[in-house]
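A short write-up of the structure that comes next.
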Amino acid sequence: MRYQLTPIFCRPWQLNYLSVKLIESHYENNYGGALRRLNAITEKLESVDFAKTPGYVLNGLKREELIALNSTLLHELYFASLGGEGNLTVRLAEVLARDFGSVDRWRGEFVAMGNALAGGSGWVLLTYIPRDHRLINQYASEHSQAVASGIPILALDMYEHAYHIDFGANAKAYVDAFMRNVDWKAVEARYEDAVKVDPPRPLVQPEFGDLPGVGVEEVKAMLEAGKPVQFIDARPRHFVSRTQDIIDGATWRDPERVQEWAGELSKSDPVVVFCAYGFHVGCKTAIALREAGFDAKYMKGGHSGWRATGGPVKTYA
């Protein structure tokens with residue numbers, strides 16, 4: 001296959017503070033060069049005999065393909081980000097205030113990130129994360145670093161080729177000029193497309209679909225706030241017999257004898273149950289307690305999830 005050139009999105013002669021010469025050189029030499037490299041690499045890969053090609057050769061080709069493809073895609077987004085008058089839309093102002101605290105806070109971070117790359121290289125991207133349903137600012141160095149599953153909607157090119165013709169070493173002036181030329185209506189349209197993308201499919205346990213669960217961080221907050229909660233470690237006996245730790249604040253109970261120890265619990269305080277990984281044992285124990293009249297939930301991720309987030313543990317006695 002061959003990748004096709006995307007026409008320049010902005011009209012260079014309508015931009016303020018950025019010259020036609022700069023935009024045309026950037027588009028023809030840097031974007032065009034990336035596209036030409038990408039097609040040359042693609043053609044080479046199509047002719048490769050993978051059974052006979054040394055691994056280092058294939059690694060090199062795929063690494064260069066990644067760099068060229070990302071350079072092409074980010075340059076297309078960069079040109080698509082220009083052509084406006086820098087007037088933020090009401091919709092995006094609300095979103096930026098929600099995700100960053102205020103528009104000024106977002107702008108301050110985005111501009112500071114660009115200025116910090118002065119004399120270096122890389123990209124500053126405003127990126128939507130479907131998993132978290134929010135925007136973040138991120139760096140993308142050497143065209144090859146990006147947030148997995150993130151969808152960039154605004155790109156600031158901080159490679160020197162993007163500004164040296166007009167601004168020389170004054171990268172700060174270039175960043176200011178870029179911000180005055182952002183086409184926020186186009187950015188908003190890309191944001192509206194991005195929010196339609198489904199996040200990664202969550203872990204689903206159909207047999208426990210109606211059972212309420214609680215996240216590790218929420219349980220931590222409950223304990224730290226001193227809220228009354230009965231925190232039950234329901235890992236099977238064979239798990240606790242070969243480990244030396246237990247979550248600080250939890251009490252181990254044998255899940256096979258839940259009917260025996262359930263009577264020791266208070267029905268006036270909530271119960272949070274967990275097992276090794278937050279699957280069947282913890283869920284089944286929570287169900288048994290709920291059937292007995294307790295306000296019981298299972299902790300998602302279990303003991304392993306707690307440790308993964310740096311939760312405190314102590315030696316099991």
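The values are calculated or read from the model by the stated rules, or taken from the named source; none is laboratory data. Computed from a predicted model, the values in this text were never measured in an experiment. Virtual Cβ from ideal backbone geometry, glycine too; neighbours counted across all protein chains shown. Protein only, heavy atoms only, side chains kept; ligands, DNA and RNA dropped before computing areas. Shrake-Rupley method; radii C 1.70, N 1.55, O 1.52, S 1.80 Å.
Extending 7 Å from Cα along the Cβ direction at GLU291 and again at MET179 yields two label points whose distance is 6.2 nm. Helix 103-116 and the longest principal axis of the Cα set of the chain meet at an angle near 60°.
In the chain, helices alone account for a calculated mean residue ellipticity at 222 nm of -12500 deg cm²/dmol, with every DSSP H run of four or more residues adding -39,500 (n - 2.57).
How large is ³J(HN,Hα), in whole Hz, for each residue of the stretch 267-284 in order, when computed from phi with the Karplus curve 6.51 cos²θ - 1.76 cosθ + 1.60 and θ = phi - 60°, using x for Gly and Pro? Once rounded to whole Hz, the list reads 7, 8, 10, x, 10, 10, 10, 9, 10, 5, 10, x, 9, 4, 5, x, 5, 5.
The order of SER144, SER71 by accessible area, most exposed first and with a 1.4 Å probe, is SER144, SER71. For the chain, with all protein chains in place and a probe radius of 1.4 Å, 51% of the accessible heavy-atom surface sits on carbon or sulfur. Taken per residue, the accessible surface of the chain reaches 53 Å², heavy atoms only and a 1.4 Å probe. Projecting label points 7 angstrom from Cα along Cα→Cβ for ASP245 and VAL195 puts them 4.0 nm apart.
Globularity index of the chain is 1.38 (Cα radius of gyration / 2.2 N^0.38 Å, N = number of residues).
Note on ALA221 and ASN115: the extension gain reaches 34.4 nm, defined as 0.36 nm multiplied by sequence separation minus the Cα-Cα distance. Shape descriptor for the stretch 260-317: Rg over Rh equals 1.01 (Cα atoms; Rh from the Kirkwood inverse mean 1/r). Comparing Cα centroids, the stretch 61-86 and the stretch 28-51 end up 15 angstrom apart. Once both labels are positioned 7 Å from their Cα atoms along Cα-to-Cβ, the gap between ALA148 and THR309 label points is 2.0 nm. Of all beta bridges that DSSP places with both ends in the stretch 174-317, some 20 percent have antiparallel geometry.
With 5 Å bins beginning at zero, the pair-distance distribution over Cα atoms of the stretch 145-288 amounts to 2, 7, 12, 12, 11, 9, 6, 6, 7, 7, 7, 7, 5, 2, 1, 0 %. Structure note, pairs LYS196/LYS297; LYS21/LYS196; LYS21/LYS172: Cα-Cα distances above 28 angstrom occur for LYS196/LYS297; LYS21/LYS196.
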